[in-house]
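I have placed the structure first, in the form of C-alpha cells, so that the comments after it can refer back to it.
The values are calculated or read from the model by the stated rules, or taken from the named source; none is laboratory data. Just so it is clear, the model here is predicted, and its values are computed rather than measured. Note that we place each Cβ from the backbone using ideal geometry, even for glycine, and neighbour counts take in every protein chain shown. Heavy atoms of the whole protein, side chains included, go into the accessibility calculation; ligands, DNA and RNA do not. Shrake-Rupley method; radii C 1.70, N 1.55, O 1.52, S 1.80 Å.
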Amino acid sequence: MHCSCVRSSRALSPALLSRLLSHAGCWAPGTRPRGLWSSPRSLASAAETAQPIPLPSQARVVICGGGIVGTSVAYHLAKLGWTDIVLLEQGRLGAGTTRLCAGIVSVAKPISIECKMADYSNSLYEHLEEETGVKTGYVRTGSLCLAQNQDRFLSLKRLASRLNVMGIPCNVIKPKEVSKLHPMVNIHDLVGALHLPGDAVVSPPDVNHALATAAAGHGVQIHERTTVNHVMMDKGHVTAVETDRGAIECEYFVNCAGQWAYELGQASETKVSVPLHGCEHFYLLSKPLAEPLQPMVIDMDGRIYVRAWQGGVLSGGFEKNPKPIFTEGRNQLEIQNMQEDWDHFEPMLSALLRRMPELEVCEIQQLVNCPESFTPDMRCLMGETPDVHGYFVLAGMNASGLAFAGGAGKFLAEWMTYGYPMANVWPLDIKRFGNLQSSRTFLRHRVMEVMPLLYNLKVPRWDFQTGRQLRTSPLYDRLDTQGARWMEKHGFERAKYFIPAGKDLLSLDASKTFYKPDWFDIVGSEVKCCKEAVCVIDMSSFTKFELTSTDDQALALLQYLCANDLDVPVGHIVHTGMLNERGGYENDCSVVRVKKNSFFIISPTDQQVHCWSWLKKHMPDDPQLHLEDVSWKYTALNLIGPRAMDVLGELSYVSMTPEHFPSLFCKEMSVGYANGIRVMSMTHTGEPGFMLYIPIEVRYTLYYTILYTTGNIPIQESQTQPHLIFNALADGKRFSLKISLYMAPFILSFTRISRPGPFAEKQPQSMMFPPPCFTVGMVFFGCNSAFFVLQTQRVEFLPKSYILVSSGHMTFSQSSSGSSKCSLANFRRAWTCTGLSRGTRLALQDLSPWWRSVLLMVGFVTLVPALCRSFTRSPRVVLGFLLTVLVIILTPRVSSCVEPQIEGDYQWSCMSSIS
C-alpha cells in the first residue's frame with residue numbers, strides 16, 4: 001500500500017516524507033490491481049506538484065533500493081548515529097517484491113542466525129507503529145508447522161530445541177492439539193506439529209513506509225524515481241554513485257536492489273558478484289470466509305502455507321517445478337507484467353484442499369504472481385564484497401525478505417558501524433561465494449533446485465545436484481572411475497566415499513535419513529583403515545596462497561594478522577589463525593616458511609575468498625609484496641596412517657622417521673620419478689602422516705607411483721582390510737602393499753573426533769575465540785600479536801557463555817630474543833573462560849580446593865534438575881557436560897611456575913603443558 005503523495009513525488013525530503021506519511025495514517029480499503037494489499041486514498045498534497053528535490057552532491061552512504069530491506073538498513077544506520085544517508089529508489093517506495101510478498105513473519109528457519117533475524121524483525125514490527133504512528137497491520141497469529149512423517153517430526157523437534165535455547169517460545173504438539181488450535185486442518189495423516197505462538201502477519205507496504213518514516217525522521221534523504229546506473233570506484237574503494245539525475249560522491253554504497261542486485265553489481269566499474277536469480281512465486285487470495293482463519297499453517301510436506309487475509313485466505317507454496325525468470329535490465333514493469341498461471345499452481349491448490357477440505361466452497365479472488373530472488377545455497381547475501389572496499393550487499397532473501405529485513409538491516413548496520421555485527425553472520429557472508437557461482441546459466445539452473453528445497457526435508461549431508469563440476473581435482477576422472485561418490489564444497493567436487501564392488505549405487509545415493517545411512521559402514525571401514533594401516537586422501541580442494549616479498553614485508557604482515565609466531569626457521573610449519581580486533585577467527589590456516597621471505601599458506605576450501613579478501617584488505621600498498629592464489633598449481637595428497645612413513649620412505653629412499661623428519665616440518669624432495677614435491681609432516685585428520693603438494697604437471701606420475709609401488713612393509717594380518725585398501729599377497733606374516741588412492745572427506749570428522757585437534761569438525765568463524773575452540777596451541781600469547789589483544793571496551797562483544805576472568809593485571813616476561821611472552825600462571829588469570837571448554841578447567845584451577853568444592857557443589861545442586869529435564873531432548877550434550885565436570889574434578893592442579901618453551905618449540909600447546 002502506498003500513499004498517492006509518495007507515488008507521485010519524485011523526491012522527498014525527510015521532513016516532507018514524515019509529514020505526508022503521518023497525515024496519511026492508515027490505508028483505506030480497496031483492491032489493488034494484480035496485488036495483495038489495499039490501495040491508499042487519493043491524497044492531494046503539495047508533493048504532487050512540487051519540483052523534484054535535487055540530489056545532494058555528496059553523502060556518507062548511498063543505499064540503492066526502497067523496499068523493506070533498503071529502508072531497514074537506512075533506519076538502523078540512522079539509529080546508530082549515521083548522518084548524510086541517501087536512499088535511492090528507481091520507482092516508488094516498496095513497489096517491488098515488498099508490495100507483493102505474503103506478509104508472514106515466522107521464526108521457523110533452518111539456521112540459528114536466520115531465526116535470530118526473524119525474531120528481531122517480529123519484535124521490531126510489533127513496536128514500529130507505536131514509534132512512527134503508521135499502522136503496520138501487525139497481528140500475532142501464531143503458526144503451526146505440520147509433520148506428515150517421523151523424519152519431518154524429528155526435524156521440527158530439533159528446530160524446537162534450537163528455539164528454546166534462543167528463548168523463543170515454541171511447543172511440540174500432537175495431532176489432536178492441532179485440531180483444537182485450528183479446527184479446519186485435516187489431521188488424519190499427521191504425526192505431530194510445532195506450535196510457534198509468537199509468529200505474526202503484517203502488511204509489508206505499511207511496514208516499509210513505517211521504516212521510511214522513522215528513517216526520514218532521523219535525517220535520511222529518500223529520493224524516488226532515481227535510477228542508479230553504476231558505482232564508481234578508485235583503487236578498490238567506492239568513490240561515487242552515478243544516477244540518471246547526476247552523481248553523488250560517497251564512502252559507502254549498499255546494494256539492496258532485490259531482483260536487480262545482480263545486474264547492478266555487473267554494471268559497476270569493477271564488476272561485483274551478487275549471485276542471485278529471480279523466480280516466479282504464486283499464491284492465491286480468497287474472498288472472506290464465515291469464520292476467521294488463525295493461526296497460520298505451514299505444511300512443508302504438502303509444500304504449502306496458509307494464512308488469514310482480510311477475512312479470507314492467502315495460500316501459496318514452493319512447487320517442485322519452479323519457473324525462473326531473467327531480469328535483464330532493472331525496470332519495475334517486469335514485476336507488474338507477470339501473469340497468472342493456474343495450471344502451474346494446480347498441485348499446490350490440490351494440497352491446500354487436502355489439508356483444509358472446508359475451503360472447497362470458498363470463492364477465489366485472484367492468483368498473484370510474485371517474483372522472489374534466490375541464492376545458490378538458500379541463504380541471503382550480506383556483507384562487504386571481497387574486491388571493493390565500502391561496497392556492501394544485502395539481497396537474495398529466498399522468499400523471506402519480510403521476516404529477515406529487520407534483523408538483517410540491524411546486523412548490516414552494525415557491520416558498517418563497528419566493522420562486524422553483534423551476531424555470528426558468517427553463514428550469510430557474501431564472501432562464501434566466488435566468481436564461478438555468478439554465471440547466469442549456473443544461477444538459472446540452481447534456482448530451479450533451490451526453490452523446492454525450501455520446503456524439502458533437509459537431512460544431514462545432502463548435496464545440490466545442479467551446477468556441479470565447476471571445480472574439480474586434477475585426479476577427478478581417475479577417482480570417479482574407482483567408484484567415488486561426490487559432494488560439493490565451494491564449487492569444488494570432493495569425494496564422499498568409495499563404492500565397494502557389489503554395492504547398489506542407486507540405493508546408496510537415495511539414502512537420506514536422520515538415522516544411520518546405508519553408507520555408514522563403508523565410511524567406517526575407510527576410517528578403520530586410516531587408523532590401522534595407510535591410505536591416501538586427495539585434498540587438492542584446499543586453498544593455497546603464496547606470499548612473497550623482497551625484504552621482510554611478508555613476515556611483518558603475517559605477524560600482524562596471525563595469532564601465532566611466524567618468525568620461525570625456514571622449513572617449519574605453524575598452525576595458526578588470522579584474528580580480528582575482537583580476537584575472533586577470520587581464517588584458519590597452516591603457514592609454511594619455504595624461504596626467508598616466502599610463505600606458503602594453506603586454508604580450508606570454503607575460506608578461499610574470505611582469506612584472500614582479509615589478506616588483501618590489510619596488505620600495504622607495496623609493489624615488493626606479492627600475494628598469489630596457487631590453488632590450481634598443486635595437487636595435494638594426504639598420506640595418513642601408522643604406515644605412512646614406511647610408504648613414503650620406500651618411494652623417496654629417505655628415512656621419514658620423526659628423528660630425521662620432525663613433526664611440523666616441510667621439505668622439497670623427490671618422490672618416485674617426480675621432483676620438487678613439497679612434503680610436510682602434518683595431516684588435517686589428527687592421524688600420523690604427511691601432506692604432499694605436487695606440481696600439477698607431474699600429478700599422474702606420482703599418482704601411479706603411489707598406486708602401484710609395492711614393497712615389503714610388515715603389517716599385522718588383523719590390521720589389513722583387503723576389500724578396502726590393500727590387495728594383499730600373503731607371504732607368511734608379510735604382505736606386498738598396493739595402495740588405492742581415494743578421497744573421503746566424511747572420514748575427516750571421524751578421525752578428528754578421536755584426536756584432540758583444532759575445532760574438531762567445526763570450522764572457525766569470526767565469533768569463535770581461541771580458548772573455547774581448544775586452539776590454545778595456535779596462539780602465541782605475546783604483545784606483538786596486535787589483533788589478538790582484546791581491548792577493555794571490546795570485551796562486551798564476547799558471547800554470553802564465555803565470561804572473561806581477569807585478575808586486573810598481567811605481567812609479561814621478556815625473552816632474550818626480545819619477543820614478549822606471558823607465563824602460564826598469568827595466562828590462566830588473564831585469558832580463561834567459564835563454560836564447557838578447557839577454560840573451565842583452567843579457571844577452576846586458580847581457586848583453592850575448598851572454593852572449588854563449594855562451587856562444584858552449588859553447580860551440582862542447580863544444574864542437575866535442568867540436566868534431567870534436558871536429558872530426553874539432548875542426551876549427548878548432557879552426558880558430555882557431566883563428563884567435562886568429572887574431568888575438572890580429577891585434574892591435578894597446575895604449578896604456577898610452568899612457562900611455555902618458546903625457543904625451539906614454536907607449536908607450544910597449553911594443553912600439553914597441563915596434561
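Quick check on my filter: what residues within region 71-116 are assigned to a helix (DSSP H, G or I) and either over 12 Å from Ala413 (Cα atoms) or of a type in the set (Ser, Thr, Tyr) (or both)?
Matches in region 71-116: Thr71, Ser72, Tyr75, Thr97, Thr98, Arg99, Leu100, Ser112, Ile113, Glu114, Cys115, Lys116.
Would you mind stating whether Met397 is in a loop (DSSP other than H, G, I, E, B) and not polar (S, T, N, Q)?
Taking the combined requirement at face value, the residue satisfies it.
Working only within region 280-304, note down all residues that are more than 19 Å from Gly137 (Cα to Cα) and hydroxyl-bearing (Ser, Thr, Tyr).
The answer is Tyr283, and nothing else.
Given the conditions (1) in a loop (DSSP other than H, G, I, E, B); (2) over 29 Å from Tyr704 (Cα atoms); (3) without any contact (Cβ under 8 Å) to a residue 24 or more places away in the chain, report the number of the one that Lys503 does not fulfil.
Failing condition for Lys503: (2).
How many residues, within region 428-450, are closer than 19 Å to Trp612 by Cβ, open to solvent by 30 Å² or more (accessible area, probe 1.4 Å) and not aliphatic (A, V, I, L, M)?
Of the residues in that region, 2 qualify.
Has region 539-559 got any residue that is in contact with a helix residue (DSSP H, G or I) (Cβ under 6 Å, 6 or more places away or on another chain), in contact (Cβ under 8 Å) with a residue 40 or more places away in the chain, part of a helix (DSSP H, G or I) and surrounded by 15 or more Cβ atoms within 10 Å (Cβ to Cβ)?
No; the residues of region 539-559 include none that is in contact with a helix residue (DSSP H, G or I) (Cβ under 6 Å, 6 or more places away or on another chain), in contact (Cβ under 8 Å) with a residue 40 or more places away in the chain, part of a helix (DSSP H, G or I) and surrounded by 15 or more Cβ atoms within 10 Å (Cβ to Cβ).
Among the residues of region 425-435, is there at least one that is in a loop (DSSP other than H, G, I, E, B), in contact with a Pro (Cβ under 8 Å, 6 or more places away or on another chain) and within 28 Å of Val73 (Cα to Cα)?
Taking every residue of region 425-435 in turn, at least one turns out to be in a loop (DSSP other than H, G, I, E, B), in contact with a Pro (Cβ under 8 Å, 6 or more places away or on another chain) and within 28 Å of Val73 (Cα to Cα).
Scanning for something open to solvent by less than 10 Å² (accessible area, probe 1.4 Å), over 20 Å from Glu251 (Cβ atoms), in contact (Cβ under 8 Å) with a residue 60 or more places away in the chain and in a loop (DSSP other than H, G, I, E, B), does region 406-417 turn up at least one residue? Walk me through how you get there before you give the answer.
To start, the set of residues in region 406-417 that are open to solvent by less than 10 Å² (accessible area, probe 1.4 Å) comprises 406-409, 412-413.
Going one step further and asking which of them are over 20 Å from Glu251 (Cβ atoms), we end up with 406-408.
With in contact (Cβ under 8 Å) with a residue 60 or more places away in the chain added as a condition, the list becomes 406-408.
Keeping just the survivors that are in a loop (DSSP other than H, G, I, E, B) gives none.
No, region 406-417 contains no residue that is open to solvent by less than 10 Å² (accessible area, probe 1.4 Å), over 20 Å from Glu251 (Cβ atoms), in contact (Cβ under 8 Å) with a residue 60 or more places away in the chain and in a loop (DSSP other than H, G, I, E, B).
Tell me, yes or no, whether region 439-450 has at least one residue that is small (Gly, Ala, Ser), more than 28 Å from Asp151 (Cα to Cα) and assigned to a loop (DSSP other than H, G, I, E, B).
yes
Among the numbered criteria (1) more than 22 Å from Asp206 (Cα to Cα); (2) at pLDDT 90 or above, which single criterion is violated by Gln310?
Checking Gln310 against (1) more than 22 Å from Asp206 (Cα to Cα); (2) at pLDDT 90 or above, the one that fails is (1).
Hey, among Ala95, Ala46, which residue is loosely packed, with under 15 Cβ neighbours inside 10 Å and at pLDDT below 95?
Ala46
Any chance you could count how many residues in region 634-661 are open to solvent by less than 60 Å² (accessible area, probe 1.4 Å), closer than 12 Å to Pro688 by Cα and free of Cβ contacts under 8 Å to residues at least 60 places away in the same chain? I'd like the intermediate steps shown before the answer.
Taking region 634-661 first, the residues open to solvent by less than 60 Å² (accessible area, probe 1.4 Å) are 634-642, 644, 646-649, 651-652, 655-657, 661.
Still in the list and also closer than 12 Å to Pro688 by Cα: 638-642, 644, 646, 656-657.
Now restrict to residues that are free of Cβ contacts under 8 Å to residues at least 60 places away in the same chain: 656-657.
Going through region 634-661 one residue at a time, the tally reaches 2.
Looking only at region 673-704, filter to residues that are without any contact (Cβ under 8 Å) to a residue 40 or more places away in the chain and in a strand (DSSP E or B); which one of those is most open to solvent (accessible area, probe 1.4 Å)?
Step by step, filter region 673-704, then rank; the result is Asn675.
Select from region 246-261 the residues that are over 24 Å from Phe326 (Cβ atoms) and small (Gly, Ala, Ser) and write down the one among them that is least open to solvent (accessible area, probe 1.4 Å).
Gly246
Is it the case that Val570 is closer than 20 Å to Glu668 by Cβ, of a type outside the set (Ser, Thr, Tyr), in a strand (DSSP E or B) and more than 20 Å from the chain's Cα centre (by Cα)?
no
List, please: which pairs have Cβ atoms under 9 Å, are six or more places apart or on different chains, and start with a residue in region 446-463 that is of a type in the set (Phe, Trp, Tyr) and end with one that is open to solvent by 10 Å² or more (accessible area, probe 1.4 Å) and modelled with pLDDT under 85?
Trp462/Lys512
Does at least one position in region 508-521 carry a residue that is open to solvent by 50 Å² or more (accessible area, probe 1.4 Å), on the phi < 0 side of the Ramachandran plot, touching a residue at least 24 places away in the same chain (Cβ under 8 Å) and in a strand (DSSP E or B)?
No, every residue in region 508-521 fails to be open to solvent by 50 Å² or more (accessible area, probe 1.4 Å), on the phi < 0 side of the Ramachandran plot, touching a residue at least 24 places away in the same chain (Cβ under 8 Å) and in a strand (DSSP E or B).
Taking the criterion of being surrounded by fewer than 20 Cβ atoms within 10 Å (Cβ to Cβ), in a loop (DSSP other than H, G, I, E, B) and of a type in the set (D, E, K, R), would at least one residue in region 618-626 satisfy it? Walk me through it before giving the result.
Let us first name the residues in region 618-626 that are surrounded by fewer than 20 Cβ atoms within 10 Å (Cβ to Cβ), namely 618-626.
Filter again for in a loop (DSSP other than H, G, I, E, B), leaving 619-624.
Retained after the next criterion (residues that are of a type in the set (D, E, K, R)): 621-622.
Among the residues of region 618-626, at least one is surrounded by fewer than 20 Cβ atoms within 10 Å (Cβ to Cβ), in a loop (DSSP other than H, G, I, E, B) and of a type in the set (D, E, K, R), which makes the answer yes.
What is the number of the single condition among (1) open to solvent by less than 50 Å² (accessible area, probe 1.4 Å); (2) modelled with pLDDT under 95; (3) of a type outside the set (D, E, K, R); (4) more than 27 Å from the chain's Cα centre (by Cα) that Ile173 does not meet?
Of the numbered conditions (1) open to solvent by less than 50 Å² (accessible area, probe 1.4 Å); (2) modelled with pLDDT under 95; (3) of a type outside the set (D, E, K, R); (4) more than 27 Å from the chain's Cα centre (by Cα), the odd one out for Ile173 is (2).
Select, from Ser603, Ser525, Ser540, the only residue that is out of contact with any Cys (no Cβ under 6 Å at 6 or more places or on another chain) and within 30 Å of Leu436 (Cβ to Cβ).
Ser540
Of everything in region 587-611 that's in contact with a Ser or Thr (Cβ under 8 Å, 6 or more places away or on another chain) and part of a helix (DSSP H, G or I), which residue is surrounded by the fewest Cβ atoms within 10 Å (Cβ to Cβ)?
Thr605
Which of the residues that make up region 567-586 are among the hydrophobic types (A, V, I, L, M, F, W, C) and either closer than 11 Å to Lys544 by Cα or open to solvent by less than 30 Å² (accessible area, probe 1.4 Å) (or both)?
Val568, Ile573, Val574, Met578, Leu579
Considering region 372-393 alone, what residues qualify as being over 30 Å from Arg461 (Cβ atoms), in a strand (DSSP E or B) and either hydrophobic (A, V, I, L, M, F, W, C) or touching an Asp or Glu at 6+ places or on another chain (Cβ under 6 Å) (or both)?
Selection gives Phe392 alone.
Output the strands (runs of 3 or more DSSP E) that fall wholly within region 204-305 and possess 2 or more residues being out of contact with any helix residue (DSSP H, G or I) (no Cβ under 9 Å at 6 or more places or on another chain), or say none.
Answer list for region 204-305: 228-234, 237-243, 246-249, 296-299.
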